[in-house]
1. Quick one: if you stick a label point 7 Å off each Cα along the C-beta vector at residue 495 and residue 607, how many nm between them?
2. R0 = 22 Å: FRET efficiency of residue 509 with residue 372, Cβ-based, nearest 0.05?
3. Using just the helices of the chain, give the 222 nm mean residue ellipticity in deg cm²/dmol: DSSP H runs with n ≥ 4 each add -39,500 (n - 2.57), and the total is spread over all residues, rounded to 500.
4. Report the dimensions of the chain along its three principal axes from the alpha-carbon atoms, largest first, rounded to Å.
5. For residue 238 paired with residue 395, estimate the spin-label separation in nm (one decimal), with each label point 7 Å from Cα along the Cα-to-Cβ line.
6. Starting with the highest mean, order 706-712, 233-239 by the number of other Cβ atoms within 10 Å, averaged over the residues of each peptide.
7. At what distance in nm do the modelled label points of residue 620 and residue 364 sit from each other, each positioned 7 Å from its Cα along Cα→Cβ?
8. Sorted by average packing, counted as other Cβ atoms within 10 angstrom per residue and highest first, what order do 347-360, 59-72, 150-163, 369-382 take?
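Just so it is clear, none of the values below were taken in a lab; they were calculated from the coordinates. What you see is a predicted model, and the numbers here were worked out from it, not measured in a lab. FYI the Cβ positions are ideal-geometry reconstructions off the backbone, even for glycines, and counts take in every protein chain you see.
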């Protein structure tokens, strides 16, 4: 991707912003505020018009769905000026992120209620491609966060829950919202959202975005991107609808990896002398380029009010090019010790880089998926049914070239490798040879086909049964190649060593069942349970190995009891749930020299409480608040064979890594109607409790990250009925905190949260 092309596009968008020609969309003013807080039938955790869940597999209104589900609307995202999936999820409790660029080294790395959910992301109800960094919400209609085991809805997945991103599509109205925004840290953003009709039956919507900013509080990191997302729907008001959706986005970033960070007996957090703003990579080498394209076709037909069918077909390609330099190496801090080992060192205040400096990953991921849902409503002996039967078929491929760019032309490591750096003022410019040397590659493929059945059984006005079952077959394969370096002199070819093909096949059975009791129309009490099944190769970029390919799928279960109540005349929705997520079997090393395969002897559980409040406290006061308490425990981390030898499982009884006990989020707005209709002030706060990491040895104690609060504020003032001026301040009190942490016995780093920043945007809607 041409960096100059992206920059020129963004620069043009910034000029538009400076002229005030466009602005952030859908902040409430005047008549907009009336629309934004309109009361609708279903209670959901969202500000703005309350949308339904996107998938037809959810057969009941949200009030009667026996599961904790939070919906975040585009309005809420825009009010808080949230950018990227990680920013949105960071405002919701019970979620943490892996450390490294984009959260995990190569893309979004999400931990939900103690378990990884990186492979449990879907778009419009079908599984998204392999792990990549999802950086912009310009085409996002809403985000749906479903907690607990959810394999019955999304297929092979984890125990924590799933995330569904719903894209924008024509809504059958004539409205265009343009955006221009500028701010601190070279922030510039422009978007447009145009929704229009051609005649009575053809709806067209066009979304576009250009964005650029430096990471607040950091010396080097920058983000640049642009995207377009046109969509068209034929038959807007008819029983037969056909929609075509296209999305294209390009990113060109200098990635944010973080600063050295050691939690241990010799150091407690950032290293002495390390500025939170310092960059420990090579700014002239490091880069992250992402190009994502998807084409979606959706066919919908209603035979009558009781029978309908929906088919979705999508092709998506995501390419990523990544060069990173994690802050890894040998550190010597004052008074002359290694902060990880406590060993004496000779040059206090210096850092000798080593490890995967200049590591390069060039990948292409393709997915083709087709899903059909048939919905039938009928009665049997006075009992109502809403039945959904469906099937989904998918095929996903992945190619990865791995290597290094800090090499001589034939792949030899330069000597000296890298000079020592000053810890307090690291030199982030590389002056040695730059040649991309391919050292490994991966070719993998995952195919999946599944059939499922859901039913909502309305026994009477007070009792419902809601359940589903899913059977699926998952096949994965991978070939790994290692390339010897240095390369031989031409014309000789590099020596390639192949491993594999490794293959995994798994037949999975997922289910979920819930009972709902409504003592009154606005109150639902429920109890539910479900399971998760995760095969050895659930994702295309997570190839199984000789030790895992023949292992049966991991299993987990969720139990949940909860209540949902619409009070204040339906204006305010309150939710409460207690739950237990139990991972009954996960893979651990066998410990038996005669058994190479891993064993499903590991066990863990997370029990907790989730509370939520969403809606209007008064006519002018809106609130979106959530709290989560998590009590986690790793029950067994070694095989039964190892325990039988008398070996102590020193991790047993520890809390799960990256799982905070307490987390809280709040966003609230108040309309100063006494001054002017549509004049809004907003305040938000996120609390992330402390969490720990995997213990390094039997003798090492547990170390915890510090907890933190992040606060933000917003003021939105309507200039006219069509124009709105909005000011956002993020990290209001300039809190220093670390949102992602990696810690081990010899190296570690953490990604600082963004420093205080401010943006000013102008909205024009016509």
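1. Those two pseudo-labels are separated by 5.7 nm.
2. Here the calculated transfer efficiency is 0.60.
3. -1500 deg cm²/dmol
4. Here the spans come out as 76, 65, 53 Å, largest first.
5. 3.2 nm
6. 706-712, 233-239
7. Spacing of the two 7 Å Cα→Cβ label points: 5.9 nm.
8. Details: 347-360: 18.0, 59-72: 22.8, 150-163: 27.4, 369-382: 14.6.
Ranking, from highest mean packing down: 150-163, 59-72, 347-360, 369-382.
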